[in-house]
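Shown next, in structure tokens, is the structure this report addresses.
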Amino acid sequence: RRNLGPTLIEWVTYRAGPHSTSDDPSKYRPADDWSHFPLGDPIIRLKQHLIATGNWSEEEHAAVSAELEAEIIGAQKEAERFGTLAGGQMPSAATIFEDVYKDMPEHLRRQRQELGL
């Protein structure tokens, strides 16, 4: 609280959805798995709480959701201008070392050299 060093926050949460669109959670999670998380979706609960206390509204929620979706789509389009893996062109492995550190740490310099990059 007084910026006197690192703080550890241990948080227990529940991943409600699959890892990705190609993942099939039914292979490793029981169908009633969600029932073990009785409080439900924390984002929906927060929204409902804020509306109930008069600090938020469905209209504000819809407007902010639309604004954020537009921002995300814009960021995606900007990122895709640099190319996508679906385009068939794979970037050089050397790119994993670029634009990460102002001064690359020695251990990464060695790794890059070991890879011949």
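Going by what's in this entry, would residue 94 be described as surrounded by 11 or more Cβ atoms within 10 Å (Cβ to Cβ), assigned to a helix (DSSP H, G or I), of a type outside the set (Ser, Thr, Tyr) and out of contact with any Pro (no Cβ under 7 Å at 6 or more places or on another chain)?
The answer is yes for residue 94.
Conditions: (1) part of a helix (DSSP H, G or I); (2) without any contact (Cβ under 8 Å) to a residue 12 or more places away in the chain; (3) among the hydrophobic types (A, V, I, L, M, F, W, C); (4) more than 27 Å from residue 14 (Cα to Cα). Residue 72 meets all but one. Number of the miss?
(4)
Does residue 89 count as among the polar types (S, T, N, Q), at pLDDT below 95 and assigned to a loop (DSSP other than H, G, I, E, B)?
When the stated conditions are applied, residue 89 passes them.
Restricting to segment 2-55, what's the tally of residues that are polar (S, T, N, Q), in a loop (DSSP other than H, G, I, E, B) and modelled with pLDDT under 80?
Result for segment 2-55: 2.
Which residue pairs have Cβ atoms under 8 Å apart, sit 6 or more places apart or on different chains, and have a first residue in segment 86-112 that is basic (Lys, Arg) and a second that is in a helix (DSSP H, G or I)?
112/94; 112/97
Of the conditions (1) modelled with pLDDT of 90 or more; (2) over 25 Å from the mean Cα position of the chain (by Cα); (3) outside any helix (DSSP H, G or I), residue 117 satisfies every one except a single condition; which number is it?
Just one mismatch for residue 117, condition (1).
Return yes when residue 21 is closer than 27 Å to residue 65 by Cα, of a type in the set (Ser, Thr, Tyr), surrounded by fewer than 10 Cβ atoms within 10 Å (Cβ to Cβ) and over 19 Å from the mean Cα position of the chain (by Cα) and no when it is not.
In short, no.
Looking at residue 42, is it surrounded by 10 or more Cβ atoms within 10 Å (Cβ to Cβ), within 28 Å of residue 65 (Cα to Cα) and without any contact (Cβ under 8 Å) to a residue 40 or more places away in the chain?
For residue 42, the condition - surrounded by 10 or more Cβ atoms within 10 Å (Cβ to Cβ), within 28 Å of residue 65 (Cα to Cα) and without any contact (Cβ under 8 Å) to a residue 40 or more places away in the chain - is met.
The values are calculated or read from the model by the stated rules, or taken from the named source; none is laboratory data. Nothing here was measured: the structure is a model prediction, and the numbers come from that model. Ideal geometry is used to build each Cβ from the backbone, glycine not excepted, and the neighbour counts take in all protein chains shown.
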